[in-house]
Every structure is written in C-alpha cells, then in structure tokens.
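Reviewing the structure listed below.
Each value in this text was obtained by applying a stated rule to the coordinates, not by laboratory testing. Just so it is clear, the model here is predicted, and its values are computed rather than measured. Cβ placement follows ideal geometry from the backbone for every residue including glycine, while neighbour counts extend to all protein chains displayed.
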Amino acid sequence: MTKRVLVVDDEPNIVLSLEFLMKRAGFEVAVARNGSEALAALEGSPPHLLLLDVMMPELDGFEVCERVRARPDWKDTKIIMLTARGREQERERGLALGADAYVTKPFSTRELVEQVRLMLGES
Amino acid sequence: MALVGTALTLSILYLAALFAVASFGDRRAGQGRSVIANPYVYTLSLAVYCTAWTFFGSVGLAATGGLAFMPVYLGPTLAALLFAFVLRKILLITKAYGITSIADFISARYGKSGLLAGLVTIVAVVGTVPYMSIQLNAVAASLELMLVHSPNAAFMTGADSALLVALLLAVFSILFGTRHIDATEHHQGMVLAVAVESIVKLLCFVTLGVVVTFWLFDGPGAILEGLREAGRGDLLTLAGTGYGNADWILLTALSALAMLVLPRQFQVAVIENVELPHVRRSIWLFPLYLFAINLFVLPIALAGVASALGGSPDSIVVALPLAAGHDWLALVAYLGGFSAATAMVIVETVALSTMVSNDLVMPVLLRIKALRLERWHDLSRLILMVRRVAILLVLLLGYVFFQLIGNRYGLASIGLIAFCAMAQLAPLIIAGIYWREAALPGAVLGLAAGFAVWIYTLIVPAMAGTGTLSITLVTEGPAGIGLLRPTALFGLSGLHPVSHALVWSLTANVGLLVLVSLLVRQNKLERLQALLFVDVESSRASTRLWRGEAQVGALLDLLRRFLGPERAEAVLASDAAARGRALARDEAADAALVQLSERGLARALGAASARVVVGSVVRGEVMGPDELMEILDETQKVLEYSHRLEEKSLALEEATGELRRANERLQQLDRLKDDFIATVSHELRTPLTSIRSFSEILHDTPDLEPAERQHFLHIVIRESERLTRLINDVLDLSKIESGRMEWHVGPCDLRDTVQEAVAASEGLMAEKKARLECELEAGASVVVCDRDRLLQVLINLLSNASKFLPAEDGRVRLIMRRHRDRFEVRVEDNGPGVPPAYREAVFEKFRQVSDDLKSRPKGTGLGLPISRHIIEHFGGRIWVEDAALGGAALCFTLPVPRADHPALAAE
C-alpha cells in the first residue's frame, strides 16, 4: 500500500519542493497551505505522516500538532516538524507536544527523505 | 397720643424687638446653628455703612448740592469691587492671629506696639465722636420736629432730646455689646440684629420714596416741575454740586477707604466674618443694596426743595410727610432713621469699646503698679466695666460735640470730616499687609502727622467758625503766613475742604511712613510680625515665640483672672485635646501652651497687652527678640534641612523608579532583540531552504523534464534575489536604527526623483498588467534629503502597491502636491486596502498584513519600517489611509526647506 504524506507549509516554493521529493520517493502526497487546511485534510483519511511547518499565520504548527495528538483516531500519524527559527526550546516544545522528529530548515533533502522512509517502515 | 410720644414708644418697642432678634441669634449660635453664616446676612451687616447720615444727611445734601451726595456711595461700591482681595488678606490675618479690632490689627503688625495701638484708638475715637453726634443730631431733630406737631406733649417740653437719645442708645449698646468678653467670638446676635436693621431702614426709605414720588407728587415729572418753579433746576447738574473734578475723585476715594478703616466696618466685615467665601457674594450684593437705598434720595430731596419746607434740609424726610399731613409716613421715616442710627451706634461702640479697653485703658492700668492688678482674682469683670464706661463715654462725647458744633454743619459735612480722620489708618493697613519694610516708627510718625494735619485743616477752621479760635487764623494764616492757611495749605485752593484735608493729611502720612520706614531698621519682633502679615498665605503655621519656664498653674491663674474660669478651662481643654493629655498644675508649660494662652488672652486684651501679661508669669523673661530670631532662624534651618532631605529622598525614589524602568526597558529590548534575531533567522532560512532543496533536486535528478528543470532553476534564482534583498534591508535597518547610516544630504528635486522611481517601476507594473498614472503638481519642488534613500522609499511604495493589485485592471496613481510648508506624495492603488486596525502595524518590522494568506506577498517585511525611518529622518511623516481609487494610499510628506537652509546655501 502506498503511504500517504501531507505537506503543510505557507511557502509555495517549499511546498513544491517537498511535494516533488515525496512523490519521487514513492509516496502519495497531499498539500495544505496553513494549519486550518491541514486539519481539514486530516479529517477524510488521515495520512501516515505529516510534514509540518511551524511558523504559519493563524494556526501554527505547534497547535496543529497538539490537536492531532488529541485525537485518538489519528494516533498512528507520524509528525515531522519543520522550522526555520531553530531555537532549542522550540525543538523541545515540539517533541513534548508529540512530534516524532524536529527538522531545522534548510535541511538536506536526502536525509529528510531517508528519515521519512524510516519512519514509515520503508527502507 | 401725641405724635412724639408714639415715636418714642415706637423706638422703645423697636429696640425691644431688636433685642429679641439678637437673643434669638445668640441662642441659635449657642446651639451651633448659626443664622448669620450666609453671604446675605453678611452683606446686610455690611450695610451698617448706611447710617442716619444716609437717611437724613444724604437727602439734606442732595437738597442743597444735588448729586453731591453720590461720592459717598460710589466709593464703597468701587471698594467692594476693588478691595475684595485686600479684604481677603486682612481676613486671613485676622483669623490666623486672633485679631480683635482695627487697632489690634495695626499694632500687631508693627511689633505688637502698645503705643501704636493707643494712637490708633485715639484717632478712631476722635474720628468717631463727630460721627456719633450725627446720629444723635438726626434722631433728636426728627423728634423735635414731631414735637412741634404734638401740641399736647407737655412731658417733653424742655427735655433735651439729644441727651435722651444718647442715654437710650448707650443703655441699649451696653446691654447688647458687652455680654461676652472674648472680642473675637462672633457677636452673632448683634450681627443678626444689624442685618435686620438694614432691611428695616431700606424698607422704610423705599416706602417713603415711593409715597413721596408717586402719591404726594405725580411721579418724577411733577417733582421736576416743582423744582423748576422753585428756581432750583441747577440741582440736577454736576455744576450744582459745587464739586470740581478733583473733588469727585478724592471724595469717592475717601469713601472707598472708609469702607476699609471705619471701626464698625472693620467689625462687621472682618471680625464678625464667619466664612471667607461670603466676601465673594458681597462684592455685588453690597453695591446692589447701596443702589437700592440711594434710588430715592434725589426724588425725596427735590420734592422737599419743591415744597419749600423751610428748616434744616437734613430734616426733609420727616418734615415732608408732616407738612403733607401724613403722620404715619413721618413715623415710618423716623423709624428708618432711628434704625439706621442704632445699627451704627451699636456696632461702632462695640468696636470702639473693645479698642478703648484693650488698647488704651487696660495697658495703662496694667502698668500702674499701685493698682496691684496682678493680685485681682477675676479681671474679666474689670474689662467689661471698662468697656461699658467706654460706650457711655463715646456717646456722651458725641453729645458734647453736638452741643458744641450744633447745627452749624450739615450731617454730610461732619460725616466726611470723620471719614478723613479714619482714612489716616488706611496707609498703615495697606503698607502693613503688602510691604514688609513698613516699620513702627514710620507708622507712628505717619499716623501722628496725618492726624495733626487733619486737625489743622478741618478742626481748626471749624473751631474758628464757632468763635473758639480767632478767625484770622483761617483767613490770614498763623502769624500772617498765607502759605500756612489751614484751608489753603501751601496755596492749594479750589478744592472742597475735605478733599483739601485728605490730600495734605495723606501726603504727610504716607510720606513719613515710607521715608522713615526706609531709614530705620525694624526690630526683630517687628520683622517677624511683618513677615507673618505680609506672607500670611505661606506662614500661617504657628511660630513658637516663647521659650521658657512657666508652670501650668501660673498660666491657668492668669487665664482665670482675665477670661473667667470657664473660658480658662476651655483654653486648657483645647491644649489637652491637641496634646492628647491634660497637663497637671505643677508641670512645666511648654511653648505651645504659652502661645495658646497668649492667643486666648489676646482675644480679650489685644495682642500688645496679652504679651505683657504673659511675660509676667513666664520665668526667665519673655523671650528676647534676639533669641527669638535665633530660634526662628534655627527653625528655619531645620525646616530647610528637612525640606532638603525630603527633596533628596524624593530624588532617590525617582532615581530608583528610573532604574527600574530602565531595567525593564532593557529586558524588553533584549526580548525584542531575541525576537528580531529569531524572525530574521526565519526570514533568511526560508529562501535558503528553497534554494538548497531545489539545488539538491536538480543535482540528484539528472532525468528532469527540461521545462521542470527550467522552472526549478528560476525558483532558485528568484529566491537568491529575495535573500539578497533581505540581507540588504536588514543591514540598512540596523544601520539606521543604530545611527550609523551615512546620509548624503543635499537639495534634490522631488519631482525628478518621483519620475525616476516611476521609470524604474514600469517593468514591475507591466508584469502586473497594471496602469500607473501620475499627477505631479507644477512648480519648484526642491527638498533637502538623501536622494538615493528617497528613491528607495518611492520604489518601495510603488512595489508595495503593485503586490496588492487585483489580477485584472490594476491601477496605481502617484500624486505629488505642495502644501504651504510641505510636499505630499501619495501612492494609491485599487487593491484590497489596509483595514484601520493594521494601519500602524504595517510599519512594524516583519509585519506583513494580508487578508489572503494563500498569496503571501513577496516582500522582506522591512520596506515600510525602513521607509518610515528615512522619511522621519528628513522631517516628514508617513502613513496609510484610504485611497480614492478604493485601495490603500501610502502617503508621506517632506518639509519645504526654508530659504536659509544651509544645504541650499552650499549648492
């Protein structure tokens, strides 16, 4: 079964690059431009993994993460948080909220793809 | 009953009623429900100014001199308006230092001088006696007129009606005014009675006026008719008064001064004043009263002239009704006059008797060792007795004066003569409360000289007139020296005798007061008192004037002797209340208690006597003035020191607060800096992420479609550009904010710069398919600024506008116009606009406002903050508002440089 990945970011170019990378790695990709869109996308069939940007207007990544973890039916969804701010206390906050990994931008595309594969049990 | 009998009965009934009113007032005061504590009663009590002189004399004067009666009422009217602030200060002083009379006031100011207090009292008594005689004269004359109309009043025949009136009033005044010993305690009953009398005399006079004018005559027109027939039409002209311009001014000024210095006016206006604010209302109420009571003076007087009554013009008010056969109206007139006279006599004698006992008799008695007054058990009875005798004496002196001068002068002339004597006190008061240097020797010499000149210029001619002195003294001058003629001193002639006397007496008075004060040094107590008076607003805190050792018992005995046991206990009780415990008899009294006792005694004895009396029991002398000043200086120093300490601690507190605020500000700045760095980091990492990701994709994916490869490369280039812009902006901003920006300031043409920015933005607009219109006002448009930075702002604003344009039919309009002192540039668009809540926020760093988050604008978020810095650096303003096109208008102004601007000169 093809694993589904949801890419959430407010920067169109970053969304485009992540979408390309995930598709090339063989995943099914959906995109959301902000937190609300992400939650809406989750409602139908929850993806196996969330690539979640932290700093977005209105609903930010932390809040999305918190809400996802509050839903028992979404507990299997893995979350990788992406941030451009790179502060240690934010990484801790993200992990405390239930994120599975915390990646600082800019990142190595190969390492990110590798991490996603590992997390979804496809090496 | 005979008319005169009715009049006498009426007088006694009236006095009884008045006594009842006074008792009521005192009773209410005793219950703490004062009837007089309101501005209306205060104003009515001020109307004690209007005496029998007003009632009989003004009409008499108007009958011979027409408008000549007016200065006496114009003066107080002006005084009420102009002297309100003087009165306020006098009131503050009086209330602060327990002043009992005008003599006490003046002597307290000039070092509590007994000599000056005595002198003032003598002037007051001498000035009052003729005034008193007017009242007796007027009432007696009315009675005698009625006697003529009472053929069967045998019991009155041969009786001396003036003496009768004098005795009656003396008894009444004694009953009335000397029930208490404390002269500062308000005579509430008396004030209420006087207020009632003011109503009675006003009603009587108006009734008389209305009946005479509209009943006996057919209105003012008929009176004028009669006047012309009597050949006295001149009475209505200024010439008819016999006054020159100078007389008008001088007599008005004299009457104004009288308001301030007549003992009875000082009594009602100052001593009896319950609350300071009452003065304010009286400023217009009192002139109103004066106007009302003077309204019918002229009609009645002219009616009297027209009726050719004969007899003294001062009797017109009674003679006119009698001649017309209206006995009742004559009684109304008599009653009004009687009430005016009694009011004056009561208040004047109360005021004078206090002065005579406190400032003349008691100081002398206290100094006569043979009397051994210090052994007397209760002196308060003695003081009351002195006051009663003083009242009787003043009235009898008035009677004697009346017998001597008789009817030789009109009431008004005698009144003015009295005014002139009292006016000698005015310079001492005015200088005393406004001029610190005014000194005791100056005051004594000035007052004595003024008083002497008054005697010489007014009393000597009067005595010559009665034959007591040789008439040649007046006509040729003493020893034939013409320059010294008492009615034309130093050749000054052509004035009314009173104006003449006023000029010379006040010249001598003021001249000596000022000259001597400038020459002598004040002693220290005087300096202190002068300070306390002149700076009363700031120095009301009690100053401790006594050092020393007195036993509480000795002070208590002293208080008992002079005030009686009850009041003595009251003084100690108030001390106990202030101290929190009562002192025992054998304890040492401290300065506060000594001071309190002196104040208590001053109320009964006046300041000068109280000082002497207290000095007798305070062991080790009354504090000498030198020591006193030393202590004062020391107190002053301590006060200053504590004041400085207070200031220092305040400054410390302030500094602490400032430090705390600075610290908070630093912490805040630190947080802001952190936030800024985090934000900048985010803004830099975002394009960097795209660049790295796409570069890696391009590198790792050799088999990309050519179109896709092209697209990704394009993104890499665009994001690199974005990164460059961002770095430039961050550097710019940090330079500007830290003040390290290098500005290349010079004159530059705003229009040229705008056009250059438009040219540079054309590509951008074409890309957006937007229309750019320019409306640039013609005319000189030179501003002083950094041209490159200005260009940066303009391009930034244009590119900003382009980002928010609708996809179709985007429009940008650039407007430049000149106001009086500034140029305004507006960049308007037809985009979505900026909601009012965000119009300030858009100038914050990294605050991009957009409704549509899907199309996040491609800016650094620093353009507007940088633009604001630049515009404000050159003295302009930048803001956002609604555009005529429907979107946002980003506007800024730059000042029109002054012609002498140095940057323009350099060109």
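Observations, loosely collected:
- Taking only alpha carbon atoms, chain A gives an Rg to Rh ratio of 0.92, where Rh is the Kirkwood radius.
- Rg/Rh ratio calculated on Cα atoms of chain B (Kirkwood radius): 1.28
- Peptide B:697-705 is shielded by partner chain Cβ atoms: per residue, an average of 2 of them sit within 10 Å of its Cβ.
- For chain B, calculated [θ]222 nm from helices alone, where every DSSP H run of n ≥ 4 adds -39500 (n - 2.57): -21000 deg cm²/dmol
- Modelled label positions at B:A588 and B:E225, each set 7 Å beyond Cα in the direction of Cβ, lie 9.0 nm from each other.
- Estimated FRET transfer efficiency (B:R839, B:T656; beta-carbon r; R0 30 Å; 0.05): 0.20
- Each of A:D60 and B:K648 was given a label point 7 Å from its Cα along the Cα-to-Cβ line. The distance between the two points is 5.1 nm.
- Ordering B:A418, B:L672, B:F19 by Cα displacement along the dipole of chain B toward the positive end leaves B:F19 in first place; charges were set at the Cβ atoms of Lys, Arg (+1) and Asp, Glu (-1).
- Residue among B:G480, B:M463, B:I429 farthest towards the positive dipole end of the stretch B:411-541, charges placed on Cβ: B:I429
- Compactness relative to 2.2 N^0.38 Å, alpha carbon Rg of the protein assembly as shown: 1.62
- If only the Cβ of Lys and Arg carry +1 and only the Cβ of Asp and Glu carry -1, the dipole of chain B around its Cα centre is close to 2580 debye.
- DSSP-assigned coil residues among trypsin sites (Lys or Arg not before Pro) in the stretch B:1-68, each with at most 15 further Cβ atoms within 10 Å: B:R33
- Around B:R436: net Lys/Arg minus Asp/Glu count, Cβ-Cβ under 11 Å: -1
- Net charge of the neighbourhood of A:V29, taken over other residues with C-beta under 13 Å away and scored Lys/Arg +1, Asp/Glu -1, is +1.
- About its Cα centre, the protein assembly as shown has a charge dipole of approximately 3240 debye under the convention of +1 per Lys or Arg Cβ and -1 per Asp or Glu Cβ, with nothing else charged.
- Cα gyration tensor shape for the stretch B:628-733, rounded if a/c is under 1.5, else prolate or oblate: prolate
- Dipole moment magnitude, nearest 20 debye, the stretch B:411-541 about Cα centre, only Lys, Arg, Asp, Glu C-beta charged: 200
- Of the two radii for the stretch B:744-906, the radius of gyration is 0.97 times the Kirkwood radius, both from the alpha carbons; that is the Rg over Rh value.
- Restriction of the GluC sites (Glu not before Pro) in the stretch B:734-815 to DSSP coil positions whose beta-carbon has at most 14 other beta-carbons within 10 angstrom yields B:E742, B:E777, B:E808.
- Cross-link table A:K105/B:K769; A:K105/B:K673; B:K648/B:K673; A:K75/A:K105, entries beyond 30 Å C-alpha to C-alpha: A:K105/B:K769; B:K648/B:K673
- Each peptide in B:48-57, B:213-222, A:72-81, B:827-836 receives the mean, over its residues, of other Cβ atoms within 10 Å, and ordering these scores from highest gives B:48-57, B:827-836, A:72-81, B:213-222.
- Less than 5 angstrom separates the built amide H of B:C774 from those of B:L814, all sequence-distant by 5 or more or on a different chain.
- Dipole of the stretch B:411-541, positive direction: furthest Cα of B:G446, B:L531, B:T507, with charges on the beta-carbon: B:L531
- FRET efficiency, B:T468 to B:N245 (Cβ-Cβ, R0 25 Å, nearest 0.05): 0.15
- Candidates per chymotrypsin sites (Phe, Trp or Tyr not before Pro) in the stretch B:658-728, loop by DSSP, up to 13 other Cβ within 10 Å: none
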